[in-house]
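Contents: one structure, followed by commentary.
The values are calculated or read from the model by the stated rules, or taken from the named source; none is laboratory data. Please read these numbers as outputs of a predicted model, since none were measured by experiment. Positions of Cβ are generated from backbone atoms using ideal geometry, with glycine treated the same way; all protein chains shown enter the neighbour counts. Side chains included, ligands, DNA and RNA excluded: accessible areas come from the protein's heavy atoms. Shrake-Rupley method; radii C 1.70, N 1.55, O 1.52, S 1.80 Å.
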Amino acid sequence: MVLISSHKTWPFLSWAILVAQLLCMARADVHFYDFILKETSVTKLCETKSIMTVNDSFPGPTIEVQKGDTVFVNVHNHGDYGVTLHWHGVKQPRNPWSDGPEFITQCVIGPGTNFTYEVIFSDEEGTLWWHAHSDWTRATIHGAIVISPELGKSYPFPEPDDDKVIMIAAWYTGDLKELVDEAMKDGTDLPHSDGYAINGELGDFCTCSQETTHHWYVDYGKTYLLRIVNAVMNAELFFAIADHNLTVVGMDGGYVKPIVTTYIMISPGQTMDVLLTANQPLGRYYIATRQYSSEDAEVTGFDHSIGSAILQYRGNYSLPSPPVFPNATLPLYLDFGAALRFTNQLRSLASEDHPVDVPGDVSTKMFITVSMGEIYCPNSSCTSVSGNKLGSSLNNVSWVNPSLDVLSAYYRNLSGSYTADFPDWPPSMYNFTGDDLPDSVDMTYQGTKVKVLNYNETVEIVFQGTNVLKGSMNHPMHLHGHNFYVVGTGHGNFDSKMDPRTYNLVDPPHVNTFGVPKNGWLAVRFTANNPGVWFWHCHLDRHMSWGMDTAFIVKDGGTLETSLRPPPAHMPPCMDMGSYDISMQTSSIDHVEMQQL
Ligand code: C2O
Ligand code: CU
């Protein structure tokens, strides 16, 4: 290499800069994956049926990257219906075009077509996951994302000997799509699962499942990094491994202060990185999970099954049978205290290498009720709850999907898809967590209302759970495009004078999904520094389907680097784009309007 310079030190400097640049480039790798969506025949719980999978596998393939890499995933839909994919917890700076939620950032990839997602990693490190984000297809279309530290960097804990992904999914008998479509039409309760699968297998405690129980072989003395994903549709989970301690070191693609525990409680959408040292007598130990149900048992039933796998030590010894079960450590279904004791321990690492940046001053404050409710059904034609439909809502607005995705409508300045008037407050104040709430608070409005934020606005949201329809329970709220700090949480109604004094602004967990506790509140803060359209919703799919969703539009910041990227050449087309002709600047859908009773 010849570098011409009149100054003696320049050649070396330029060369050093060039080498540094090359090193940087080498660090941010680009990976390519092909995902073939197709129907695959699977037998579980004594029933053979067809499910949609990626590359014939359930769970789907694991994506492996280093921090800061970019991944192109070409999705070929060989199935019978349209699907979108979402990269849960990947912030995708400036690139909501590849975020995936149907009707929010794109329309479906139709059967016989393909679409390439560009998944841009930035500060994420640890474990995340990907899943379908259209209807309930994510039940079987999901997989893990493993993000290693960048080259030359290491974990903030001793290097584990090996890694192990644990994907927990819900299994449904029958045709789930049909069941969901029907229940949504009738406004009745949505299906409950029939089992919990660990890495695709329901385990020893389910019928017709013992032959295929997932086994994980370990060596005595080694330490493993478990990457646990709750990919379940509607259930928070307790999880334990018999006789082994778990050390939680990461969550949602970031690090936390180590928590040594005998069990975890993990909500749908969340991921946890857990160290396990194989230091027990050679033998077999159950890895077990069961639902943590925070709902009143009389209100609705739940799946009582136990999902299990087996941790088995390698070596020459006679197998004691059966494996040890975590009887003493796996909490029972309704153990509210156990769930709280675990989640209350979560703290960001907040170290020099992994600092926190909690917004101190807040420019936008929102107070949002998170609620069950009813949606008016004309002539009492629906079959549930006094002739109305079940609904759920944020500030009494129950989200309705537009037919043109919000992102396209925003980018192309088309009206009729959404309105920008998501309220900062509920329409009325009442004793949200009261025991016998008046019928007058049951009804929710329908709308496609989003909240618009300026670039770099600092946002505080207090989510207030309600007991409307005696339906109080935990709601794991999930935000796309950003992580948020969990600065406070508590029982009962939020007290705007006293409760902020208890906020943790020092080392709050920095996550993408966190539960609003049953009959309680959750305060989160984040900086809106990612221009685009970002969905946020309860990660219980029954609540998401019923409308516990909305979106943020984060405006451009005035420079190229702070602005939304242009769309890729070909986004999947939306069905009735005709009605969104540029010439049509007035609302063309009546369901967008508030529908008061
Ligand atoms: Cu994991 Cu909007 O989803
Ligand atoms: Cu919910």
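Quick look at the values:
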quantity: Top-ranked residue of the stretch 153-179 - restricted to ones that are among the hydrophobic types (A, V, I, L, M, F, W, C) and outside any strand (DSSP E or B), ranked as nearest to residue 41 (Cα to Cα); calculated: 176
quantity: Any pair with Cβ under 7 angstrom, 6 or more apart, that starts in the stretch 541-558 at a residue that is assigned by TED's automatic domain parsing to the domain that holds residue 139 and within 15 Å of ligand 1 (Cβ to nearest atom) and ends at one that is modelled with pLDDT of 95 or more and not small (Gly, Ala, Ser); calculated: none
quantity: Positions within the stretch 201-223 being surrounded by 17 or more Cβ atoms within 10 Å (Cβ to Cβ) and more than 18 Å from residue 163 (Cα to Cα), in sequence order; calculated: 201, 202, 203, 204, 205, 206, 209, 213
quantity: Any chance residue 97 is within 16 Å of ligand 2 (Cβ to nearest atom), modelled with pLDDT of 95 or more and among the aromatic types (Phe, Trp, Tyr); calculated: no
quantity: Matching residues in the stretch 65-123 - criterion: being of a type in the set (Asp, Glu), out of contact with any Ser or Thr (no Cβ under 7 Å at 6 or more places or on another chain) and open to solvent by 10 Å² or more (accessible area, probe 1.4 Å); calculated: 80, 123
quantity: Residue in the stretch 488-496 that is within 16 Å of ligand 2 (Cβ to nearest atom) and either at pLDDT 95 or above or not assigned by TED's automatic domain parsing to the domain that holds residue 94 (or both) present; calculated: yes
quantity: Counted residues, the stretch 280-294 - those being more than 18 Å from residue 170 (Cα to Cα) and out of contact with any Asp or Glu (no Cβ under 7 Å at 6 or more places or on another chain); calculated: 5
quantity: Residue under evaluation residue 316, criteria (1) open to solvent by 10 Å² or more (accessible area, probe 1.4 Å); (2) in contact (Cβ under 8 Å) with a residue 60 or more places away in the chain, criterion not met; calculated: (2)
quantity: Matching residues, the stretch 390-417, being at pLDDT below 95 and either open to solvent by 20 Å² or more (accessible area, probe 1.4 Å) or of a type in the set (Asp, Glu) (or both); calculated: 390, 403, 415
quantity: Subset tally (residues that are open to solvent by less than 60 Å² (accessible area, probe 1.4 Å) and among the polar types (S, T, N, Q)) for the stretch 438-456; calculated: 3
quantity: Filtered residue count, the stretch 465-486, keeping only those that are surrounded by fewer than 24 Cβ atoms within 10 Å (Cβ to Cβ), within 25 Å of residue 506 (Cβ to Cβ) and away from ligand 1 (no atom under 16 Å from the Cβ); calculated: 1
quantity: Exclusive hit being open to solvent by 30 Å² or more (accessible area, probe 1.4 Å) and within 26 Å of residue 355 (Cβ to Cβ), set 513, 527, 562; calculated: 527
quantity: Members of the stretch 147-166 found to be open to solvent by 10 Å² or more (accessible area, probe 1.4 Å) and among the aliphatic types (A, V, I, L, M), listed by number; calculated: 151, 165
quantity: Flag if residue 82 is at positive phi and either within 16 Å of ligand 1 (Cβ to nearest atom) or not aromatic (Phe, Trp, Tyr) (or both); calculated: no
quantity: Residue in the stretch 359-376 that is among the small types (Gly, Ala, Ser), away from ligand 2 (no atom under 16 Å from the Cβ) and free of Cβ contacts under 8 Å to residues at least 40 places away in the same chain present; calculated: no
quantity: Search result, residues across the stretch 346-358 that are farther than 30 Å from residue 431 by Cβ and either assigned by TED's automatic domain parsing to the domain that holds residue 248 or not in a strand (DSSP E or B) (or both); calculated: 347, 349, 350, 351, 352, 353, 354, 355, 356, 357, 358
quantity: Candidates 240, 197 - the one that is in contact with a Phe, Trp or Tyr (Cβ under 8 Å, 6 or more places away or on another chain) and within 27 Å of residue 34 (Cβ to Cβ); calculated: 197
quantity: Of all residues in the stretch 533-576 being part of a helix (DSSP H, G or I) and closer than 27 Å to residue 115 by Cβ, the one that is farthest from ligand 2 (Cβ to nearest atom); calculated: 560
quantity: Residue 273 being in contact (Cβ under 8 Å) with a residue 40 or more places away in the chain and within 16 Å of ligand 1 (Cβ to nearest atom); calculated: no
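This table checks each residue for (1) closer than 16 Å to residue 510 by Cα; (2) over 24 Å from the mean Cα position of the chain (by Cα).
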position	(1), (2)
305	no, no
318	no, yes
326	no, yes
344	yes, no
